[in-house]
């Protein structure tokens, strides 16, 4: 039976540079326009990715809050749902966006709602949802999570019925990686012509544990004189991390590059990619590093073991263990043949399992199931 394209409202706090934000922007651009009509709604500013979508011709609503606890945002979102004749609301959580999205759907008499959760733990290690969010999650049509480990942990800890959860791994568009303008060593402040480079990509927030990364850098700097460390991203931890690099006398070997858009411009420079988090779900930054055929060393948290098999695409180390992290990084720096083999395997896994096109097909199926339910 013929029907109009399914109208989906993508509701998110903002679309500034970040992993979950990049996923939503990619998903919107990859949905078949003959089957779906996406509209984007940012409670706060549109951000870099939101402006990209706006420039590409998508409808993007933004700046809906008049002040921090403006409850009228609910009626504003409800008005957008009604005006755009939305069929399905996808709210990217957790917490406030999920609650206001669900309440707006109720106000607009929209019954088909989906929530996407990208976190496993809150930054303090606790639950990712408060009581209002759990109330909303018990009532939405479907919940999407990005890793099986995340699903097991969050459902058990927060009382979510696993049968209502669909796992859709994050994915990246490989075609975009082929069109980047890569940075040079000089552009990132590395003064030697043939260095060895270790990089970490992510927000500078406590849960990413960049201090562990710097402790590992300190251990390696004491043994290897040609290794430099790139920290890509910004956040509230930056000034403290910069002070720490000076205190540990490694500031001359560490470069804080801030946000890069696209972040992939720096990845060809890496010999090894690292993620030192003590909580994760299914990080896009690691997928992008693997797509450039770089071996990775990651911590054993969240869905990272779904992404990296230890000693296959890289190494998996315990969280908060800088000694193990430094040891595995050194192994890869000193064994180029092994590093190249692991990097090639990582690229193969991304190509076969974690493309953005695969992710979009799975959301296509999910939206159709919710629409027909």
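The values are calculated or read from the model by the stated rules, or taken from the named source; none is laboratory data. None of these values were measured; they are calculated from a predicted model. So basically every Cβ, Gly included, is an ideal-geometry build from the backbone, and we count neighbours across all protein chains shown.
Evaluating residue 261 against the criteria (1) over 21 Å from residue 333 (Cα atoms); (2) without any contact (Cβ under 8 Å) to a residue 40 or more places away in the chain leaves one unmet condition, (2). Here the condition is being buried (at least 18 other Cβ atoms within 10 Å of the Cβ), under 26 Å from residue 288 (Cβ atoms), modelled with pLDDT under 95 and in the same structural domain as residue 108 (by TED's automatic domain parsing); of 49, 36, it holds for 49 alone. Out of the residues in segment 158-207 meeting the condition of being part of a helix (DSSP H, G or I), out of contact with any strand residue (DSSP E or B) (no Cβ under 8 Å at 6 or more places or on another chain) and closer than 26 Å to residue 95 by Cα, tell me which one is modelled with the lowest pLDDT. The extreme case among them is 158.
Out of curiosity, is residue 297 out of contact with any helix residue (DSSP H, G or I) (no Cβ under 8 Å at 6 or more places or on another chain), farther than 20 Å from residue 185 by Cα and not in a helix (DSSP H, G or I)? No. Check whether at least one residue in segment 321-342 is in contact (Cβ under 8 Å) with a residue 24 or more places away in the chain and in a loop (DSSP other than H, G, I, E, B), and report yes or no. The answer is yes, given that some residue of segment 321-342 is in contact (Cβ under 8 Å) with a residue 24 or more places away in the chain and in a loop (DSSP other than H, G, I, E, B). When we screen 223, 216 for residues that are out of contact with any strand residue (DSSP E or B) (no Cβ under 6 Å at 6 or more places or on another chain), surrounded by 19 or more Cβ atoms within 10 Å (Cβ to Cβ) and touching a residue at least 40 places away in the same chain (Cβ under 8 Å), the only hit is 216.
Take the conditions under 22 Å from the mean Cα position of the chain (by Cα) and outside any helix (DSSP H, G or I) and apply them to residue 347. Does it pass? No; evaluated as a whole, the condition is false for this residue.
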